[in-house]
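Student: Sharing a structure, written as structure tokens. Questions coming.
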Amino acid sequence: MNYPILGEKTALIMGVINENSIAWHIAAAMWDAGAHLIITGQNQEQLDKRVKPLVATLSPALQSVEIFPCDVSSDEEINRLVTRCRQTDRQFGLEVLVHSIAYAPREAMIGRFMEVTSREAFRQTMDVSVYSLIGVTRAFKPYLRSGASVITMTYVASQVVIPNYNVMGLAKAALECGVRYLADDLGQDGIRVNAISAGPQNTLAARGIPGFRKMHASNDQRTPLGKSADQSDVASVAVFLASSAAAAITGQVLYVDAGPSIRGIQVVEK
């Protein structure tokens with residue numbers, strides 16, 4: 001793959017679940033581009049069962065790839081992750097931080113938005129899906145080198161109503177706003193912050209959204225390009241944002257969806 005070179009860069013990729021994860025495709029693309037990887041998942045069991053076998057396909061001896069658990073709903077776990085990363089290298093620093101994490105209680109994504117959005121569902125969704133970007137970036141700020149790139153994942157539901165996306169749509173809107181504030185805050189340190197807005201992706205989390213399978217299956221007919229963007233398309237743009245080729249891009253939402261977001265009417269399955 002002809003990606004911009006990321007050799008000598010260290011990339012922290014947060015949110016790998018399985019082989020369909022956007023985070024995993026980004027990790028693999030950045031590995032191909034020469035980056036040293038630090039990969040996180042929510043817990044050790046998940047890492048041992050699903051993530052380590054994937055990493056072994058990149059590096060059979062698991063060399064040049066560090067793998068750590070981190071539940072981003074806990075400041076203690078985020079700080080523990082920082083400590084573990086520092087212990088890997090006395091000169092530890094990051095050039096890339098990828099935040100590919102989102103969560104909403106399933107019951108908040110089935111039914112009428114107003115009725116199923118409880119106070120606790122709202123709190124949990126915003127904490128994990130939005131605040132975690134702020135918390136993780138702040139914790140790693142002392143180790144983000146000048147020129148570093150922070151990248152998160154969003155979706156067009158931040159701008160238009162997508163049936164059953166419900167409170168997660170609010171979270172994505174807040175996340176995009178957070179990207180702009182972080183970009184303004186960190187620009188003086190030479191750190192860039194951007195979001196990628198992917199089209200419907202066949203991930204474990206997306207399959208939990210009622211109606212997603214029908215929407216994903218018919219998405220090709222909705223895009224100007226006549227095809228869907230997939231995880232590898234998103235990964236290519238993430239590598240670009242991590243590279244010096246994107247040195248003047250910050251605070252932006254880059255759409256990688258094959259174009260349906262440009263249309264005035266969003267046709268979706270209920």
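The values are calculated or read from the model by the stated rules, or taken from the named source; none is laboratory data. Computed from a predicted model, the values in this text were never measured in an experiment. Note that each Cβ is placed from the backbone with ideal geometry, even for glycine, and that neighbours are counted across all protein chains shown. Just so you know, the surface numbers come from the protein's heavy atoms only, side chains and all, with ligands and any DNA or RNA stripped out. Shrake-Rupley method; radii C 1.70, N 1.55, O 1.52, S 1.80 Å.
Student: Count charges around residue 42 for me, please; just the other residues with Cβ under 10 Å from its Cβ, Lys/Arg as +1, Asp/Glu as -1.
Tutor: So the surrounding residues net to -3.
Student: Would you mind working out the magnitude of the charge dipole of region 81-189 relative to its Cα centre, with +1 at each Lys and Arg C-beta and -1 at each Asp and Glu C-beta, to the nearest 20 Debye?
Tutor: In debye, rounded to 20, region 81-189 gives about 240.
Student: Counting only heavy atoms of the protein chains, get the accessible area per residue of the chain (1.4 Å probe) and round it to a whole Å² value.
Tutor: Value for the chain: 48 Å² per residue.
Student: Another question about this same structure. Give the carbon-plus-sulfur fraction of the accessible surface of the chain in %, rounded to a whole number; probe 1.4 Å, heavy atoms of protein chains only.
Tutor: 50
Student: Using a 1.4 Å probe and ignoring any ligands, DNA or RNA, find the accessible area of residue 184 and quote it in Å² to the nearest 10.
Tutor: Accessible surface of residue 184 is approximately 130 Å².
Student: Anyone know which of 107, 66, 19 comes out most mobile in the 10 Å Cα GNM of the chain?
Tutor: Per the Cα network of the chain with a 10 Å cutoff, 107 tops the list.
Student: Related question: Which aspartates and glutamates, on any chain, are close to residue 52 with Cα under 13 Å apart, when same-chain ones fewer than 8 places away are left out?
Tutor: Cross-link targets: 19, 66.
Student: Which residues in region 69-111 place their backbone N less than 19 Å from a point set 7 Å from the Cα of residue 127 along the Cα-to-Cβ direction?
Tutor: Residues passing the 19 Å test: 70-81, 100-109.
Student: Using a simple charge model, +1 on the beta-carbon of Lys and Arg, -1 on the beta-carbon of Asp and Glu, nothing else, what dipole does the chain show about its Cα centre, in debye to the nearest 20?
Tutor: For this selection, approximately 360 debye.
Student: Filter the trypsin sites (Lys or Arg not before Pro) in region 82-114 to those in DSSP coil with at most 10 other Cβ atoms within 10 Å of their Cβ, and list the result.
Tutor: Counting only loop positions with at most 10 other Cβ atoms within 10 Å, the trypsin sites (Lys or Arg not before Pro) in region 82-114 are 90, 112.
Student: Next up: Say each of residue 59 and residue 177 gets a label point 7 Å from the Cα, pointing the same way as Cα to Cβ; how far apart are those two points in nm?
Tutor: Using points 7 Å along Cα→Cβ, the separation is 3.9 nm.
Student: Search the structure for amide H atoms under 5 Å from the amide H of residue 101, placed 1.01 Å from N in the peptide plane, and list their residues when 5 or more places away or on another chain.
Tutor: So residue 101 has HN proximity to 153.
Student: I'd like to compare 156-167, 138-149: which one has the highest average count of other Cβ atoms within 10 Å, and what's the full order after that?
Tutor: 156-167, 138-149
Student: Working out 0.36 nm times the residue gap between residue 184 and residue 138, then minus their Cα-Cα distance, what length gain in nm do you get to one decimal?
Tutor: That pair, residue 184 and residue 138, stretches by 15.2 nm at full extension.
Student: Under the rule a/c < 1.5 gives rounded, and otherwise a/b versus b/c splits prolate from oblate, where does region 16-128 land using the Cα gyration tensor?
Tutor: prolate
Student: Separate question: Report the label-to-label distance for residue 92 and residue 80 in nanometres (one decimal), using points 7 Å from each Cα along the Cα→Cβ vector.
Tutor: That separation, rounded to one decimal, is 1.4 nm.
Student: Return the label of the correct value of Cα Rg over 2.2 N^0.38 Å, as calculated from the structure shown, out of (i) 0.96; (ii) 1.10; (iii) 1.04.
Tutor: (i)
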